[in-house]
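Working notes, beginning with the structure itself.
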Amino acid sequence: MTTSGVFFFLAPLFYVSLVPGVFLAMPPTPIRVRGKRKASSAVISAPSTTTTTTTTTMTTRPSKMLRSIQDVKYTRQLQPRSSLDRLPAEILESILLYSGSVALPRASPIIGAKLSSRVTLLRFFIWGFHDTWDQWFGIPFDKVLEGPRAEDEGKGCRTPQEAKYFPCDGDPELQSALLGLPWADIDFILHAQQTWADTYARHRWYEPPFRVYHGKYGAFDAASSFNCVWRHFCRTRIGPHRTVVRNVHPNVRLPLPLVTGPWDAERTKRLFWLVLGGVNLEARDSATRSLPWEYHLDFLRNAVVRTETPNEVAYRLLRDQCDLMRVPPDLLRSERDALMKRLQQVGETEPQVVELLQDALEDINYKLDLRSSRSHK
C-alpha cells in the first residue's frame, strides 16, 4: 500500500502530522442538546473560593422574560381548548338546564362567558321554579285542605303549619342554589315570574292574596301584585300570611346574607318575597334555625342592636328564627346592655324605633330568664 493510499484511507479519522509516519487524532465534535443551558464562561472559569459564593451562584434563577399582551393572547389561541369549551352556546345552555348544575358556568371562563347572557340566566331560573309555580299558580293556598296525618298515629296529627304543607313539586336544592346567586335580585325574580306566567299561565285564573283586587283570567302582574302586598305589610305591621301563596318549595334555604344582614332595600324585599312565598320557617330543624349561634348573633346586631337604622321588616320576618337560646349568655347580656343604652339615647323622638327596641329587649330578657330557670333545675 502506498503512502498516498494510506493518507486517503485515514483522512476521515486522522490529521497528517508534519513528522513522517505520525498521525494525530481528530478532537470530538461538540453536540448541543436542546433544552440545556450553556453555562457562562465567567462562572466556569471563576474559582469557588467559599461555600457561600458557590451556593449563591447555584441558587440564582434567571429572571422571567416579559411578554406583551398580544403575545400572550396569541399563545393562548394556539393552545388547544377542551371539547366542552368548543361547544356552541345553545348546546351548553341545554346541558345547563338538564343538569341543573350552577357550577357549570364556573368550569372555565369560556363556558362562563357563553352562559352569562340574561336570556340564559332567565331560562335557567324559570327551569328551577317551573314545577312549583305550575302547581300553585292561581290557587289560594289558604283554601287547600290540610295534608295527611302523620304516619305514626300515636304521635297524633302534624302541627298546623306542617299539615298545611301540601306535597309540593320542585327541587328545593336547585331553587336554593339559584336564589343564592348574585344576579338573582328581586327585580330579576319578578321578571322571571312574569315571563313564566306570560308563557305558561296566560289563560289561567289568578286571585291575588289579601284581596287587593278581584281575581280574573290573565290578570297576573308580578311586580304590581308584589308591590301591593308589600305596601299592605308595611302599612298594617302585621306578619305576612305565609300560607297565602306558594312561590318556592317549603324546604328552600334562605341565602345567608338575607339571614344575617345587613339589609338594603333590595335584600329586604327579597326576604319578604321568600317568606311570603312559603319558606318553611316554623320547623324546629329548619336550615335557618340550625345555623351556628354566630349567625343568630349577627342577625340581632344587624337588625336592631348595632345598626344605625334598625330594620323593622327583617326583624319581624325572622325574629322567630333567631334562636337566642344558642348564644352564650355573656354575649347575650352584653347585647342587652347595648340595647338598653341605645333606648336611653333614642328617647321618645322615634316611637316606631323605640317600640322595636323594646320588643327586642323583651325577647332577650325572656331568653335569659328561660336559660337561668333551666340551669337551676
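Throughout, read-outs are computed from the coordinates displayed, never taken from laboratory work. If you're wondering where the values come from, they're calculated on a predicted model, not measured in any experiment. No Cβ is skipped: glycine too gets one built from the backbone with ideal geometry, and neighbour counts run over all protein chains shown.
What the table shows:
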{"read-out": "Residue-by-residue Karplus 3J(HN,Hα) for the stretch 257-266, coefficients 6.51, -1.76, 1.60, Hz, glycine and proline x", "value": "x, 7, 8, 8, x, x, 10, 9, 5, 5"}
{"read-out": "Loop-located GluC sites (Glu not before Pro) in the stretch 262-343, at most 13 other Cβ atoms within 10 Å (DSSP)", "value": "Glu308"}
{"read-out": "Chain lengthening between Thr307 and Gln70 when straightened (0.36 nm per residue, less Cα-Cα)", "value": "80.3 nm"}
{"read-out": "Interchain or long-range residues, amide H under 5 Å from Arg253's placed H", "value": "Ser176"}
{"read-out": "Calculated FRET value between Cys228 and Val119, using beta carbons and R₀ = 22 Å, to 0.05", "value": "0.15"}
